[in-house]
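To start, the structure itself, in structure tokens.
The values are calculated or read from the model by the stated rules, or taken from the named source; none is laboratory data. Values in this document were obtained by computation on a predicted structure and should not be read as measured data. Counting neighbours? That spans all protein chains shown, and the Cβs are built from the backbone with ideal geometry, glycine included.
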Amino acid sequence: MKGNHYKMSRNKDKYDSASRRQQIFLSQEDIAAGKKTNWSGLEITGCVRNISPSLWEFEHLTALYLNDNQLLRLPADVGMLISLRTLDLSSNKLRSLPAELGELIQLRELLLNNNFLRVLPYEIGKLFHLVILGLMGNPLQKEFMNIYNEPNGTQKLLTYMLDNLSCESPRIYIISVCVYVCQVREQLLSRCASVCDCVGVKRKAREKRLPKRESFWLSYGAKGILTM
């Protein structure tokens with residue numbers, strides 16, 4: 001296991017993902033002496049395609065570097081890393097991002113440069129502490145990039161996304177309620193059908209036990225033609 005000390009070197013024009021980090025490794029002597037690392041950052045680089053689910057258990061992480069890999073998707077479980085302040089996903093093959101990114105409310109730096117992103121989840125607007133947002137090298141829609149390229153573009157884009165998130169939420173709620181109502185209606189209709197079938201079976205069984213005349217009167221009485 002390694003402990004990391006990070007020295008970030010950013011292109012001041014929209015913060016390219018190029019960075020330099022100094023790394024300190026424990027020697028075998030240190031390990032044998034029982035020395036432990038007090039690390040809060042983790043770097044995984046080298047053509048990685050999939051991330052182990054155990055990574056999301058490291059809730060103490062404040063910095064996670066997954067740049068320069070072959071990641072096609074970012075699992076929703078990333079939202080479990082609630083202590084993250086830096087997340088670098090640059091130079092992967094991401095085409096979309098999970099809405100759970102909006103749960104990382106401590107995030108200060110989010111680097112998404114050089115992916116295949118066309119849209120961003122509006123939940124990113126909830127990242128009130130975000131200072132650095134790297135989006136260069138993505139085929140993002142003009143509505144995002146026009147705002148992003150303005151002076152103080154990061155904060156303006158976050159505000160825009162938060163506003164749109166507020167508009168989308170009622171729609172999602174209404175759709176969810178409609179789906180729920182339809183499901184309940186189907187369940188009630190199914191139960192009514194079962195009850196009617198049960199009543200019909202019992203009535204037929206009763207008619208078989210009745211004398212012919214009583215069965216005749218019962219059948220036509222049920223139809224409202226005759227009354228007993």
Next item on the list: For residue 123, state whether it is modelled with pLDDT of 90 or more, closer than 30 Å to residue 147 by Cβ and among the acidic types (Asp, Glu).
Entry: yes
Check: For the stretch 48-77, which residues satisfy the criterion of being in contact with a Phe, Trp or Tyr (Cβ under 7 Å, 6 or more places away or on another chain) and surrounded by 20 or more Cβ atoms within 10 Å (Cβ to Cβ)?
Finding: 63
Check: Do we find a residue being out of contact with any Phe, Trp or Tyr (no Cβ under 9 Å at 6 or more places or on another chain) and touching a residue at least 60 places away in the same chain (Cβ under 8 Å) anywhere in the stretch 115-123?
Finding: no
Next item on the list: Give me a count of the residues in the stretch 51-68 that are outside any helix (DSSP H, G or I), among the hydrophobic types (A, V, I, L, M, F, W, C) and either touching a residue at least 60 places away in the same chain (Cβ under 8 Å) or within 19 Å of residue 111 (Cα to Cα) (or both).
Entry: 5
Notebook entry, point to check: Of these, 99, 76, which one is within 19 Å of residue 164 (Cα to Cα) and touching an Asp or Glu at 6+ places or on another chain (Cβ under 7 Å)?
Noted result: 99
Check: So, in the stretch 94-108, of the ones that are of a type outside the set (Lys, Arg) and in a loop (DSSP other than H, G, I, E, B), which residue ends up farthest from residue 63 (Cα to Cα)?
Finding: 96
Checklist line | Subset of the stretch 83-113 [under 14 Å from the mean Cα position of the chain (by Cα) and among the aliphatic types (A, V, I, L, M)] | finding: 97, 99, 101, 104
Next item on the list: Go through the stretch 109-139 and give me each residue that's surrounded by fewer than 19 Cβ atoms within 10 Å (Cβ to Cβ), part of a loop (DSSP other than H, G, I, E, B) and not aromatic (Phe, Trp, Tyr).
Entry: 118, 119, 121, 129, 131, 137, 139
Next item on the list: Answer yes if at least one residue in the stretch 72-79 is closer than 18 Å to residue 134 by Cβ and modelled with pLDDT of 95 or more, and no otherwise.
Entry: yes
Check: Is there a residue in the stretch 104-126 that is more than 26 Å from residue 69 (Cβ to Cβ) and β-branched (Val, Ile, Thr)?
Finding: no
Check: Going by the conditions given, is residue 43 surrounded by 14 or more Cβ atoms within 10 Å (Cβ to Cβ), out of contact with any His (no Cβ under 7 Å at 6 or more places or on another chain), in contact (Cβ under 8 Å) with a residue 12 or more places away in the chain and farther than 28 Å from residue 164 by Cα?
Finding: yes
Note to self: Just to check your reading of the model, which residue among 3, 46, 41 is over 20 Å from residue 124 (Cβ atoms), more than 21 Å from the chain's Cα centre (by Cα), at pLDDT 90 or above and of a type outside the set (S, T, N, Q)?
What the structure shows: 41
